[in-house]
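Accompanying notes for the structure given below.
The values are calculated or read from the model by the stated rules, or taken from the named source; none is laboratory data. This one's a predicted model, so the numbers in the text were calculated from it and none came from an experiment. Because the Cβ atoms are built from the backbone with ideal geometry, glycine has one as well, and the counts that use them run over all protein chains shown. The protein model used for the area step is the full one, side chains on, heavy atoms only, and it has no ligands, DNA or RNA in it. Shrake-Rupley method; radii C 1.70, N 1.55, O 1.52, S 1.80 Å.
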Amino acid sequence: MKDVGIEELKQKAIEMRKTALTMIHKAQAGHPGGSLSAADVVTALYFKEMNIDPNNPQWEDRDRFVLSKGHVCPIQYSALALRGYVPYDTIYTLREFGSPFQGHPDMKKCPGIDISTGSLGQGLSCTVGMALGGKRDSKTYRVFAMLGDGECQEGQIWEAAQSAVKYQLDNLVVFVDDNGLQIDGTTEEIMPNQDLEKKFAAFGFETKRINGHSMEEIVETLDGIREAKNGKPKCIVLNTVKGKGVSFMEHSVTWHGVAPNDGEFLKAVEEVVGGLK
Ligand SMILES: Cc1ncc(C[n+]2csc(CCOP(=O)(O)OP(=O)(O)O)c2C)c(N)n1
């Protein structure tokens with residue numbers, strides 16, 4: 001954990017959004033909507049909460065982060081580039097052959113990626129293994145997962161949730177980016193309210209629903225659970241907006257996996273630089 005103020009984190013979140021959009025624009029491919037909805041929590045984790053060392057990505061005692069909704073990797077790559085895991089210019093190689101920044105996170109190619117993801121539903125199981133391993137080895141590291149609300153339709157999520165409770169993994173913190181939209185192949189889908197905090201609570205998680213774009217609420221929540229050694233895994237459901245920070249991308253499933261053209265990119269960056277409204 002680093003002592004970083006709210007205003008500094010908000011500035012970082014602006015840089016994160018700008019970087020992710022720059023990558024996607026340069027590649028002319030990628031997923032802006034879900035990257036922007038996850039941006040604020042990912043910022044708080046990488047710039048304040050997690051015990052990590054960019055110079056030693058394999059450090060045994062590091063906190064782990066698993067982007068289970070791996071398609072929004074531009075936001076995680078932005079954190080890795082801005083924290084210095086790789087040179088910042090790497091952002092211009094998104095999705096290129098040989099780049100550490102593949103279309104979905106690849107742990108063999110990119111320093112700082114703890115597990116390869118992209119096939120939705122699998123990441124939580126990986127975090128359960130990591131958290132259980134930590135407990136068995138008497139390690140104090142914590143494990144953070146980021147899931148999508150659409151992803152929670154995968155049965156494997158709930159099998160993993162049961163294991164997390166059975167093994168009393170209070171070193172596991174699960175975030176669900178509940179932006180209310182997903183896309184299934186070519187079918188756009190408005191997600192029904194799944195009452196995810198109630199579902200995770202029914203399985204035995206300690207749960208809370210917060211505004212996923214309020215840095216104040218995010219930091220307060222992370223402060224509140226940091227020392228909670230009560231035998232319960234945690235789940236924080238985030239009220240978020242897909243495309244948050246760019247007016248024409250907000251609440252729009254169209255921007256799930258589409259890159260902005262030159263004009264759209266310039267307008268998007270202009271808006272992002274102005275901060276969240
Ligand atoms: C197992 C699997 N099925 C389908 C997909 C294709 N897919 C990629 S993103 C996505 C929608 C995800 O929605 P959500 O989890 O809500 O993420 P977000 O809206 O935050 O992008 C789907 C179905 C996939 N990556 N993995």
Revision key, fill the gap. Within segment 86-105, residues open to solvent by 40 Å² or more (accessible area, probe 1.4 Å) and either under 21 Å from ALA160 (Cα atoms) or among the acidic types (Asp, Glu) (or both) come out as ASP89, GLU96
Review point. Which one of these is open to solvent by 10 Å² or more (accessible area, probe 1.4 Å) and within 16 Å of the ligand (Cβ to nearest atom): ILE52, ILE115, ILE75?
Key: ILE115
Check your understanding: Hey, among LEU169, LEU132, which residue is at pLDDT 95 or above, surrounded by 24 or more Cβ atoms within 10 Å (Cβ to Cβ) and farther than 27 Å from HIS251 by Cα?
Key -> LEU169
**Study point:** Within segment 236-248, tally of residues that are crowded, with 17+ Cβ neighbours inside 10 Å and not in a strand (DSSP E or B)
**Key:** 7
Review point. Does segment 63-83 contain at least one residue that is closer than 16 Å to GLY257 by Cβ, among the aliphatic types (A, V, I, L, M) and part of a loop (DSSP other than H, G, I, E, B)?
Key: no
Review point. Taking segment 119-137 only, how many residues are within 16 Å of the ligand (Cβ to nearest atom) and assigned to a loop (DSSP other than H, G, I, E, B)?
Key: 4
Exercise for review: Please enumerate the residues belonging to segment 249-277 that are open to solvent by 30 Å² or more (accessible area, probe 1.4 Å) and of a type in the set (Ser, Thr, Tyr).
Suggested key: THR254
